[in-house]
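Coordinate-derived values only; no laboratory data. Quantities reported herein were computed from a predicted structural model and do not represent experimental measurements. Don't worry about glycine lacking a Cβ; one is built from the backbone with ideal geometry, like all the others, and counts go over all protein chains shown.
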Amino acid sequence: MWHGIVSFFSEKPLDPFPFRHAIKGYSKDTLKSDAKAGFNVFFLAVPQGMAYAAIANLPIAAGIISGAAASLIAPLFASSRFTNIGPTNATSLMLFSYFATSGYSYDEKLLVVPLLVLMVGVLATIGAFLKFAELLQFVSRSVLVGYLTGAASLIMMGQMKHVLGIADIMNHTSSFIGLIIETVKNSPHLAWQPLSIGVLSFTLYQLGERKFSKLPVFGVTLIIVSFLSYLIKVFIPAAGFNEIAWFGDISLHSLEPNVPWQGIDVWVAIKTLMPVALALTFLASLENTVMSKTLAIQSGYNIDVNQDMLSLGVSNISSSFVGGMPVSGSLMRSGLNFASGAKTGFSTLFNGIFCFVSIYFLAELDLVSKIPKACLAALIIGVAISLIKWENIRVCLQSTADDAIVVIATCLATLLLPLHITIFFGVMLSIVLFLRKASKPALVEYEFSEEGSLRERDMKKERQMPQISIVHVEGALYFGAAELFRSQIQRIANDPNIKVMVLRMKNAYHLDATSVLALRNLVSYARSNDCHVLFSGMTKDVYKILKRAGIIPNIQEGCNLKEGETNIFMNLPSNPNISTRDALIRAQELLGTKEADIKIFFDPSK
C-alpha cells in the first residue's frame, strides 16, 4: 500500500518553481514581445475586473486587485506560458448566486469573501498534489457548455436593471424567472438616461468587436461612453445624468493587505462556506484546465494540468490576502495574451504590474466615480452574449442523445437552481449517463464455423453442441456492470439443456470486488443447476484479481489439479482461440463424450 502511495506522488511530481525555465536565455526581443502582450491584456483586464466585480455585487476594486495579484503569482507556478488568471464571468456569477440566497448582509459578505477565496486556494492546491486536474478530462464538455449558456442568460437578465435604471426599485431576487418578473413589472418606470447610455455602450462594443477586434474594445468603449456621460452630467445638468447610478470611489486604504479571517468566526464560516468553496474550486479548475488545453493545442506545446491547478490555488491564496475575489483561468484574456505575441510567463507578470499601477491612478484621479453603472452593465451583457457559443450548443445537441440531455438539463438547472449546486448537478448527470452506457458489457454467444474459426452464433439455428454454450464477454465488469452481467449469464445458465458454459474473458477488464463476488455467486448458482462454468482466454490481470480475492479455489472446485484438470484456460496472445479449444475439450470430458470434432483456426491478419 505504501509503495503505491509513494509511486503515486513520485510519478510526474509538481515543479516548485517552473518559472525558472522562462528566465534561462531570456532575451531583449522576448522582453519586448512579453511587455507588449502584457500591456494589451492590461487594457482588457482592468475593465473586465470591474465588470466581474459588478456581477458578483462586490466593490469593483476587488476585481482589479484580484486580477493583479493573480497575474503576479500565477506564472511563477504554471506550466502554461499564456495563462492569465483573474476573475471570470462564471465564477463571479456563482459567487453572486450564493450570497444572494445565503442570508449574509452586504457588510458580512465583504468580511467572509476573502476567507472563501482562501478556501478555494487551499482546496485547489491540495487538488493539484492529489492530481485532481487529471480527472477533469472525464467531465463532459456538454456540462460546461450548458452551464455557461445558462450563466450568460442569468448575467444578461441581472444587468438589465442597471441599463433600464430600475435597480433601486426592484425587489431582491437572484432567480432567472424572478428577474424576468421584476424587470417586466418595473419596466414602466425605466429612465431614458441609463437606457441611452446602455444602448450606446452596447452598440459601440458590438461594432468595435466586428471592425476592430484586435483592439481592447471593452476598455475603449468604457472610456468613451463614460467620458461622454460625465461631460453631459457636468455641462448639461438639465439632462438629469447626475441622478443616474454611478460607481463609488476606490479607496487605497481598503486595498491594504489583511488576513482573510479578520473579524469573523472562522470555523463557523468555514463550515457554512464549504459547499460553495468546493463548487468554486471545481468550476475554476475546470475553466483553467479547458483554457490551458485550448491554448496548448493552438501553440503546440505540452502542459501539466496539475501544475496549472497549483498555480490556480496559489493565485487564489494571494487574492484572498488583498481582499480580492475568486480567480480562474480566463480564456478571453489568455487568448489575447497568446494573440498579442507573448513568449513567456513574463507577459502575465507585466500585466499584473500594469494593473497594480492603474489602481493607484484610478484612486488618485477619482476616475471610477465617473463611470455610469449602465455603461458597464451594457458591456457585461455584450460579453455574456459572447459566452453563448451556438456552434458548441449545436454539436452537443446533435452528437448524442446523452449530450443533448446534459446540455439542456444543465442549462435549465442553471436558470432554476443555485449555481453552486448546478455545476455538480450537471457533472453527476453526465456521470450517470456514462455509467448507464458503460455498465452494459457485451455478452455474445459464439460457435465455430466450418473452417474452425469462432463466429457469432446464429440464434435462429440450434447450437452445434447443445449442451455447451460459448459466451464471449467484452467490456468493463466494474461494480456498475456486475449485476447486469450476473443476470444475463444466469439467464443462460437457466437453460436446462446447457451443462457447460464457457466464458471467454479475453476482452473483459476493470473487475472489482462487486464483479468478483458476482462471478463467485454465478459459479455456485450454475453448479446448483448441474452446470459447469469454465473460463477461457483469461488474462493475467484478471487472474491476479481473482487470486487475490481468493475465489480461484471456488472456480477450480472438482478439478484434480495434480492430474492436470482445470477450469481456467489462460489467454495465449499468439493464438487467442487455443484456450477456447482446450476449454471445449475439458467440457467434453465433463460431459463424458468426444463426439464433437473440435478444430481451431486462427488468422492473425484478421
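Helices that extend 18 Å or more along their long axis by alpha-carbon positions and average at least 1.6 on the Kyte-Doolittle scale are, among the DSSP H runs of the chain, 60-77, 106-129, 217-235, 373-387, 401-416, 419-438.
Only DSSP H runs of four or more residues enter the estimate; each adds -39500 (n - 2.57), and after division by the residues of the chain the mean residue ellipticity at 222 nm equals -20000 deg cm²/dmol.
Packing, as the average of other Cβ atoms within 10 Å across residues, places the peptides 79-87, 199-207, 576-584, 396-404 in the order 79-87, 576-584, 199-207, 396-404, highest first. Over 18 Å between Cα atoms: which of LYS211/LYS233; LYS233/LYS370; LYS32/LYS343; LYS109/LYS271; LYS36/LYS389; LYS161/LYS389 fall into that group? In this structure, LYS211/LYS233; LYS36/LYS389; LYS161/LYS389 lie more than 18 Å apart at Cα. For PHE569, the residues whose amide H sits under 5 Å from its own are PHE535, SER536, GLY537, MET538, ignoring neighbours fewer than 5 places away on the same chain, with H placed 1.01 Å from N. Taking one quarter of the surface of the convex hull spanned by the alpha-carbon atoms of the chain gives a direction-averaged projected area of 36.1 nm².
Cβ-to-Cβ counts within 10 Å put CYS355, CYS559, CYS375 in ascending order as CYS559, CYS355, CYS375, the fewest first.
Assuming 1.002 mPa s and 20 °C, estimate D for region 157-213 with Stokes-Einstein, Rh taken as the Kirkwood radius over Cα pairs, in µm²/s. Once the numbers are plugged in, D ends up at 175 µm²/s.
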